[in-house]
Amino acid sequence: MSELILSLKDIKKAYQMGEEKFLALKGVSFNLYQGEMVALMGPSGSGKSTLMNILGILDNPTEGDYLLRGENVSKLDEFDRAEIRNAYIGFVFQSFHLLPRLNLLENVEVPLTYAGYAPKVRRDRAFDMLEKVGLVDKWRNLPSQISGGQKQRVAVARALAMNPALLLADEPTGNLDTQTGDEIMGLFHVLNDEGVTVLIVTHEPEIAEQTKRSIRLRDGLLESDQKHEQRRPHVASQVSTHYIGSSQ
Amino acid sequence: MSDLAQSSKLPAVHEDDFDVIPFEEAPYSGRLSIFEILKIAWRSIRANMLRSILTALGVIIGVAAVVALVSVGNGVRQNVTDSFSSFGTNLLTISSGQGGFGPPGLVRGGGSQTLTIEDAEAIVALADDRIEGVAPANQSNNQQVKADANNTTATIVGTWPDYEKVQNAATQAGSYFGSTDVETRKRYAVVGSEVASDLFPDVDPQAVVGQKLKIANVSYDILGVLEEQASAGFNNPNTNIIIPLSTFIQRIERNDYEGKPTVSTIAVKVEDPRDVEGVEADLTTLMANLHEKVSEDDYDFNIRNQANQLESVTAVFSTLTTFLGAIAGISLLVGGIGIMNIMLVSVTERTREIGVRKALGAKPRDILSQFLLEAILLSCVGGLIGILIGIAIGYFSTDALSVPFVLSIPSMVLAFAFSAAVGIFFGFYPAQRAAKLDPVDSLRYE
Ligand SMILES: Nc1ncnc2c1ncn2[C@@H]1O[C@H](COP(=O)(O)OP(=O)(O)OP(=O)(O)O)[C@@H](O)[C@H]1O
Ligand SMILES: [Mg+2]
């Protein structure tokens, strides 16, 4: 087995709803290994986003331990959480979340800036990442000047900038049409082939089929955790040639 | 991970240096540099330029007001101070009534006039050798004066020849009348430089001497032309016409007190400034005796020297400047509240941005500095612009008031420091609110 990246041990998350406590996660445990590509499935309200927030160290679990690369990160203050997010986690959101006033290059530079890299290092790295997602020509554009699929590619470039241990994507294709969605999935495949560990929240079975492992949540509990055959999207090979193959 | 690193070494489209360091080995400080924070803050100010300007306007107006008001206040004060010191510190001015303040040239007895020529003569009779000169004076403003085809408005001053040294009003051409001219009520005049140039345009002052002028249809011989003098407070000595006191009483205006003609002021010049207080005491005794007043509360005259005159004027101006400064300070405070208001709006508006930045690794500290610096930048740039505008307003209004333009560096530094403090104070709460936002909630914020 390859290197253990993270390990969840009986993670619980409670939300205070007025007088009552609502348990969004009721004890979830699983491990994730280096190089895996995993789909996180489950009906709406089952706790997928809640779990993603905990995995992304945007939030602390109410109970349970979260070991990221062997380090317990479940009870950190916001300062330390920010540092770990910056260094280990790459986020891709359903609604892209690019900063509207920054151009594409600057958007990709943001995590590098918070890490305190020198401007030259940042620029070089951001250019490399934009090149990886095939948008280097448009580096001057503002997010409002590009398409949804392109935005999501920039978001992927930004998520990769710090060379994260884990790429978290919460419904990354949710706002995209099927073909553009497949392109983004193609990109994830290429990255995964290069060794990036990817966790994707999705509602679409077709997307889950493209991974090697599916984890299902129901009512805050792990319903199933299955390994299965990976079926690549048709565009995947195309996409990879287009974005990366041609420039290698 | 290493795969990723390898794949990122693609042929670069940008000009690269020879010493390419792989990203994994590139040094990083682990913290956002102040320069980067400034850049972020400046960008967001620029993105809402109009709003930023309007927000800064409160501070701009406040600081401009402080700088302009203090500069005008100082200019007026300096002007008054200058005119006081041009009379010298060894001048005593006796006037009717219980007191008050103002430059001696201005003083006209409020209420009834109780000083008479006899009082002045009594002072001369003291033959005190500490006293250099005595000049009782009456004055009449806005008199029409004619000479040939020209006419002008002048202030007629009736006095004694000592006026020249007592009030430092020397002639540039010709001379004063003598004491015998006063006794014989000669119709002689010594004119201010402006009167001379108004009545005899393009005529050399030397040639003005010997000409005639008419006041109230009475003709006077011009004996001398005064040197140009600095404007003293609110009256212009260059529009004075000085004539013998006796002539004034006969021809211009006569007021009596117990059957004797009055004078509005008696100016006494003391030779040595160190004797001023002694002479003042002696004159007080003399005047009290002459007017038969026992208690100080009954005195119908007052004697003031330049030092305490200056003190009271300076005190009034300081109070005024402080007061105006306080009003301006309040407007700065209002400007600060404006900044706080907009910063709070801005934090709400940018909740999602804050969430994204946090997700990408911004620490609470980074977000705090970003918003705090934005507020400080707004108020400091506002402060700088305010100082420039304040200087301009101060310059033009002192020019319009024809008082000296005094740049008060301390007031500018204070105004700037205050505006920076306003930025810190009013920017802190919104910035802290931004820093404390929960990343999950702010990412979800619509
Ligand atoms: N901040 C919160 N306060 C209270 N309850 C919350 C909060 N966030 C989530 N919940 C609740 O926790 C449960 C799980 O929410 P979550 O967003 O994780 O669902 P999800 O699986 O991502 O759903 P979807 O597929 O619709 O995105 C839901 O019932 C939701 O109402
Ligand atoms: Mg969700």
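Looking at B:V203, B:V195, B:V225 in this structure, which one is outside any helix (DSSP H, G or I) and crowded, with 18+ Cβ neighbours inside 10 Å? I'd like the intermediate steps shown before the answer.
Values: B:V203 fails: crowded, with 18+ Cβ neighbours inside 10 Å; B:V195 fails: outside any helix (DSSP H, G or I).
Of B:V203, B:V195, B:V225, the one residue that is outside any helix (DSSP H, G or I) and crowded, with 18+ Cβ neighbours inside 10 Å is B:V225.
Please go through the range A:121-154 and give me each residue that is facing another protein chain (nearest Cβ under 10 Å) and over 25 Å from B:S29 (Cβ atoms), ordered by number. I'd like the intermediate steps shown before the answer.
To start, the set of residues in the range A:121-154 that are facing another protein chain (nearest Cβ under 10 Å) comprises A:121-125, A:127-132, A:136-137, A:139.
Selection gives A:E131, A:K132, A:V136, A:D137.
Look at the range B:228-265 and say how many of its residues are within 16 Å of B:D119 (Cβ to Cβ), outside any loop (DSSP other than H, G, I, E, B) and out of contact with any helix residue (DSSP H, G or I) (no Cβ under 7 Å at 6 or more places or on another chain). Give the steps one after another, and end with the answer.
Of the range B:228-265, the ones within 16 Å of B:D119 (Cβ to Cβ) are B:245-246, B:249, B:255-265.
Still in the list and also outside any loop (DSSP other than H, G, I, E, B): B:245-246, B:249, B:256-257, B:260-262, B:265.
Checking which are out of contact with any helix residue (DSSP H, G or I) (no Cβ under 7 Å at 6 or more places or on another chain) leaves us with B:249, B:256-257, B:262.
Of the residues in the range B:228-265, 4 are within 16 Å of B:D119 (Cβ to Cβ), outside any loop (DSSP other than H, G, I, E, B) and out of contact with any helix residue (DSSP H, G or I) (no Cβ under 7 Å at 6 or more places or on another chain).
Is it the case that A:I5 is more than 16 Å from ligand 2 (Cβ to nearest atom) and not hydroxyl-bearing (S, T, Y)? First the steps, then the outcome.
Details: more than 16 Å from ligand 2 (Cβ to nearest atom): yes; not hydroxyl-bearing (S, T, Y): yes.
In short, yes.
Identify, please: which residue in the range A:101-153 is within 21 Å of B:I40 (Cα to Cα) and small (G, A, S) and is, among those, surrounded by the fewest Cβ atoms within 10 Å (Cβ to Cβ)?
Filtering the range A:101-153 for residues that are within 21 Å of B:I40 (Cα to Cα) and small (G, A, S), the one surrounded by the fewest Cβ atoms within 10 Å (Cβ to Cβ) comes out as A:S144.
Test A:M37 against the stated conditions and say whether it is within 16 Å of ligand 2 (Cβ to nearest atom) and not hydroxyl-bearing (S, T, Y). If you could, list the steps in order and put the result at the bottom.
On the way: within 16 Å of ligand 2 (Cβ to nearest atom): no; not hydroxyl-bearing (S, T, Y): yes.
No: the conditions fail for A:M37.
Does A:I11 fit the bill of being of a type in the set (V, I, T), away from every other protein chain (no Cβ under 14 Å) and part of a strand (DSSP E or B)?
Details: of a type in the set (V, I, T): yes; away from every other protein chain (no Cβ under 14 Å): yes; part of a strand (DSSP E or B): yes.
Yes, satisfied.
How many residues does the range A:15-55 hold that are outside any loop (DSSP other than H, G, I, E, B), within 14 Å of chain B (Cβ to nearest Cβ), surrounded by 16 or more Cβ atoms within 10 Å (Cβ to Cβ) and within 11 Å of ligand 1 (Cβ to nearest atom)?
Adding up the residues that qualify gives 9.
Which one is surrounded by the most Cβ atoms within 10 Å (Cβ to Cβ) among residues in the range B:407-417 that are in contact with a helix residue (DSSP H, G or I) (Cβ under 6 Å, 6 or more places away or on another chain) and either free of Cβ contacts under 8 Å to residues at least 60 places away in the same chain or part of a helix (DSSP H, G or I) (or both)? First the steps, then the outcome.
Quick first cut of the range B:407-417, residues in contact with a helix residue (DSSP H, G or I) (Cβ under 6 Å, 6 or more places away or on another chain) only: B:408, B:411-412, B:415-416.
Narrowing further to those that are either free of Cβ contacts under 8 Å to residues at least 60 places away in the same chain or part of a helix (DSSP H, G or I) (or both): B:411-412, B:415-416.
On the way: B:S411: 25, B:M412: 22, B:A415: 27, B:F416: 20.
The residue in question is B:A415.
Kindly establish whether B:E311 is closer than 30 Å to A:L58 by Cβ and assigned to a helix (DSSP H, G or I).
Working: closer than 30 Å to A:L58 by Cβ: no; assigned to a helix (DSSP H, G or I): yes.
The answer is no for B:E311.
From the residues in the range A:56-81 that are closer than 18 Å to A:L168 by Cα and within 12 Å of chain B (Cβ to nearest Cβ), which one is nearest to ligand 1 (Cβ to nearest atom)?
As a first pass, look at the range A:56-81 and keep what is closer than 18 Å to A:L168 by Cα: A:56-61, A:66-69, A:73-74, A:81.
This time we only want the ones that are within 12 Å of chain B (Cβ to nearest Cβ), so: A:56-60, A:69, A:81.
Details: A:G56: 12, A:I57: 16, A:L58: 12, A:D59: 9, A:N60: 13, A:R69: 24, A:R81: 17 Å.
Step by step, filter the range A:56-81, then rank; the result is A:D59.
Give me the pairs, please: first residue somewhere in the range B:290-316 and of a type in the set (K, R), second residue anywhere and part of a loop (DSSP other than H, G, I, E, B) and crowded, with 18+ Cβ neighbours inside 10 Å, beta-carbon distance under 9 Å, and either six or more positions apart or on two chains.
Partner pairs satisfying both residue conditions: B:K293/B:Y299; B:K293/B:D300; B:R304/B:V107.
Out of A:D128, A:D137, A:D80, A:D124, I need the residue that is within 21 Å of A:F188 (Cβ to Cβ), assigned to a helix (DSSP H, G or I), away from ligand 2 (no atom under 16 Å from the Cβ) and without any contact (Cβ under 8 Å) to a residue 24 or more places away in the chain. Which one?
Working: A:D137 fails: within 21 Å of A:F188 (Cβ to Cβ); A:D80 fails: within 21 Å of A:F188 (Cβ to Cβ); A:D124 fails: within 21 Å of A:F188 (Cβ to Cβ).
On inspection, the qualifying residue turns out to be A:D128.
With respect to A:T178, determine if the residue is free of Cβ contacts under 8 Å to residues at least 40 places away in the same chain, away from chain B (no Cβ under 12 Å) and crowded, with 24+ Cβ neighbours inside 10 Å.
On the way: free of Cβ contacts under 8 Å to residues at least 40 places away in the same chain: yes; away from chain B (no Cβ under 12 Å): yes; crowded, with 24+ Cβ neighbours inside 10 Å: no.
So A:T178 fails the test.
Out of all the residues in the range B:51-69, is one or more free of Cβ contacts under 8 Å to residues at least 40 places away in the same chain, assigned to a helix (DSSP H, G or I) and within 14 Å of chain A (Cβ to nearest Cβ)?
no
Quick check: is even one residue across the range A:191-203 acidic (D, E), buried (at least 18 other Cβ atoms within 10 Å of the Cβ) and either more than 16 Å from ligand 1 (Cβ to nearest atom) or in a helix (DSSP H, G or I) (or both)? Break it down into steps so the answer makes sense when it comes.
Step one: list which residues in the range A:191-203 are acidic (D, E), which gives A:193-194.
Filter again for buried (at least 18 other Cβ atoms within 10 Å of the Cβ), leaving A:194.
Filter once more, keeping what is either more than 16 Å from ligand 1 (Cβ to nearest atom) or in a helix (DSSP H, G or I) (or both): A:194.
Yes; the residues of the range A:191-203 include at least one that is acidic (D, E), buried (at least 18 other Cβ atoms within 10 Å of the Cβ) and either more than 16 Å from ligand 1 (Cβ to nearest atom) or in a helix (DSSP H, G or I) (or both).
For the range A:100-120, does any single residue satisfy the condition of being without any contact (Cβ under 8 Å) to a residue 60 or more places away in the chain, at the interface with another protein chain (Cβ under 7 Å from one of its Cβ atoms) and either part of a loop (DSSP other than H, G, I, E, B) or touching a Cys at 6+ places or on another chain (Cβ under 9 Å) (or both)?
yes
No lab work stands behind these numbers, since they all come straight from the coordinates. Just so you know, these numbers come straight off a predicted model, no measurement behind them. Because the Cβ atoms are built from the backbone with ideal geometry, glycine has one as well, and the counts that use them run over all protein chains shown.
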